[in-house]
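The values are calculated or read from the model by the stated rules, or taken from the named source; none is laboratory data. Computed from a prediction, not measured in an experiment: that's the story for all the values here. Quick reminder, even Gly has a Cβ in these numbers, built from the backbone with ideal geometry, and neighbours come from all protein chains shown.
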Amino acid sequence: MFQKRLAAICVSATVGAVSCGPVRDLPEETAPQPAVVDASACIDPAPGINHRMTKALGESNSPVITWANEAFAISWWDMRGRYPSVHVTRVDPMGTRRSPERMLPHEGVSRDQTIAADSEEAHLVWMDEGAVMSKRIGLEEKPAVKIAVKSDAAAAGPWGAVAWTSKGNLLFRCDGMLPAPDRDGDREEPMPVLIHQGGIEDPAVAWSGKHYAVVWSSSVKGGRQIMMQRVSNKGTLLGDKVKVSATAGISRKPVVVWTGREFAVSWTNAAPADQNPRDRYRIFFALLPALGGGPRLTRQLEFNGSADEVALESTGSEFGVAWVGSKEPMGSAVYFGRLSADGKPVGKIVRVSDDKPLTCGRPAIAWGGGGFGIVWHDDREAAGSEIFFSFLTCSSGEAEAGGDAGPEAADGGVPPESLGEREEEAAKSPALKKLFD
């Protein structure tokens, strides 16, 4: 059935550097490891200096960040010519640049960048006039690659993974799906896998080292909901799509991370404006098992945002969350909070942006071991918005108690499954059983 569904979109889904067809099963011994830093709790995080990363004549916007090769890789788009262009640099926790800033090649409007990393390299994906572009950032310099054309949105994942949308189709590729090399040792782009069809927004990708989780916002009658599909390194769909959100309304901008044991997803849901006109975006959090089934826990967090985005990162033992919220008497700021392993807020909420900007936007977060790197854009410069970076340093000490999540499903609907039920489902699924074996 899967191959029939994939064949049905071969002509129209993507016309570019990739084509549709059967997925090849290839050995995985060449796969890198997930990017791993020391797992620990971040006790009493202290925000550092707001370091200005850009000096564009126009505006700089929408930064993204990941930890790669002992430094943070940061990317954003700004206006320095006729069209917006995507830029990238590396910075250490002290805010010192570790590599020159580079503008990536583009043919027209270039923006909507996302970034991910494995143990060997960072992977940057962006949109350029409807084309999905991919750039590896590592010890070996590689040119940018056009993954697909006539596309709407794309997201980067580790080990060369890309999830993108084209004409209502959500497609996926990763390096584990690469075909065998030719006589010259070159490999063509792998044939994509169809994940979902419908009204798709905001794809995002996480990786366990053995398989991926692809999440997105999907249109439903009267609103939008958050969905997730697990995919093996070889491009095989593992189980069915699962619904992550349960609250009615418009759920958007999901983010997904791997904790070392399971997947964590966070997203926003717009509350009616009359409930809280300043901070009307409710923030939700869910934990899903590595393989099989929907959320084992969902909850609404105890704070709201003034923008429809949230940033989430795992330390291996807890989570860091960043968002934009209102400040008094007016304006907005970037805030940071910690979540325990079961998603309950612990410690105090920290304000990351200083007193200089009136409004802030688009925070992103990465764990660097010993602290979090956070980037955002704000309006403190008269010429336009600029990109800023701050490192939140963690103190040593014992973690605060976050409480036991128990069977709670605080966003109103997805009941948790027992461990036995998840193992039974895996046993019934040939794809899941093969991965366990």
Do any strands (runs of 3 or more DSSP E) lying entirely in the stretch 188-248 carry at least 1 residues that are in contact (Cβ under 8 Å) with a residue 12 or more places away in the chain and crowded, with 22+ Cβ neighbours inside 10 Å, and which ones are they?
-> 193-197, 200-207, 211-220, 223-232
Output for the stretch 304-335, where each listed residue is of a type in the set (Val, Ile, Thr) and more than 15 Å from Leu287 (Cα to Cα) = Val310, Val324, Val334
Restricting attention to the stretch 347-370, does a residue exist that is under 26 Å from the mean Cα position of the chain (by Cα), of a type outside the set (Lys, Arg) and more than 28 Å from Ser75 (Cβ to Cβ)?
-> yes
Restricting attention to the stretch 157-177, does a residue exist that is β-branched (Val, Ile, Thr), modelled with pLDDT of 95 or more and closer than 22 Å to Pro105 by Cα?
-> yes
Would you check if there is a residue in the stretch 294-313 being surrounded by fewer than 20 Cβ atoms within 10 Å (Cβ to Cβ), in contact with a helix residue (DSSP H, G or I) (Cβ under 8 Å, 6 or more places away or on another chain) and modelled with pLDDT of 95 or more?
-> no
Could you please give the count of residues in the stretch 41-86 that are part of a loop (DSSP other than H, G, I, E, B) and at positive phi?
-> 2
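Table: residues versus (1) closer than 15 Å to Tyr212 by Cβ; (2) buried (at least 24 other Cβ atoms within 10 Å of the Cβ); (3) of a type in the set (A, V, I, L, M, F, W, C).
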site: Pro158; (1), (2), (3): yes, yes, no
site: Ala161; (1), (2), (3): yes, yes, yes
site: Trp164; (1), (2), (3): yes, yes, yes
site: Asn169; (1), (2), (3): no, no, no
site: Met177; (1), (2), (3): yes, yes, yes
site: Gly185; (1), (2), (3): no, no, no
In the stretch 98-146, what count of residues is obtained for those that are under 21 Å from Val257 (Cβ atoms), in a loop (DSSP other than H, G, I, E, B) and not small (Gly, Ala, Ser)?
-> 1
Scan of the stretch 260-293 for residues that are free of Cβ contacts under 8 Å to residues at least 60 places away in the same chain and in a loop (DSSP other than H, G, I, E, B), ordered by number | Arg261, Ala271, Pro272, Ala273, Asp274, Gln275, Asn276, Pro277, Arg278, Asp279, Arg280
Can you confirm whether the stretch 378-399 contains a residue that is part of a loop (DSSP other than H, G, I, E, B), over 26 Å from Asp112 (Cα atoms), at pLDDT 95 or above and of a type in the set (D, E, K, R)?
-> no
Name every residue in the stretch 258-283 that is among the aliphatic types (A, V, I, L, M) and at pLDDT 95 or above, in order of residue number.
-> Ala264, Val265, Ile283
Answer with yes or no whether Asp92 is among the acidic types (Asp, Glu) and modelled with pLDDT under 95.
-> no
Matching residues, the stretch 364-387, being touching a His at 6+ places or on another chain (Cβ under 8 Å) and not acidic (Asp, Glu) | Ser385, Ile387
Identify all residues within the stretch 147-187 that are in a loop (DSSP other than H, G, I, E, B), among the charged types (D, E, K, R) and within 20 Å of the chain's Cα centre (by Cα); write none if there are none.
-> Asp152
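For Ala290, state whether it is surrounded by fewer than 21 Cβ atoms within 10 Å (Cβ to Cβ), more than 18 Å from the chain's Cα centre (by Cα) and of a type in the set (Gly, Ala, Ser).
No: the conditions fail for Ala290.
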Hits in the stretch 27-49 (condition: under 21 Å from Trp323 (Cα atoms) and either among the aliphatic types (A, V, I, L, M) or under 23 Å from the mean Cα position of the chain (by Cα) (or both)) | Ala41, Cys42, Ile43, Pro45, Ala46, Pro47, Ile49
Could you tell me whether Asp118 is of a type in the set (Asp, Glu), modelled with pLDDT of 95 or more and farther than 24 Å from Lys241 by Cβ?
-> yes
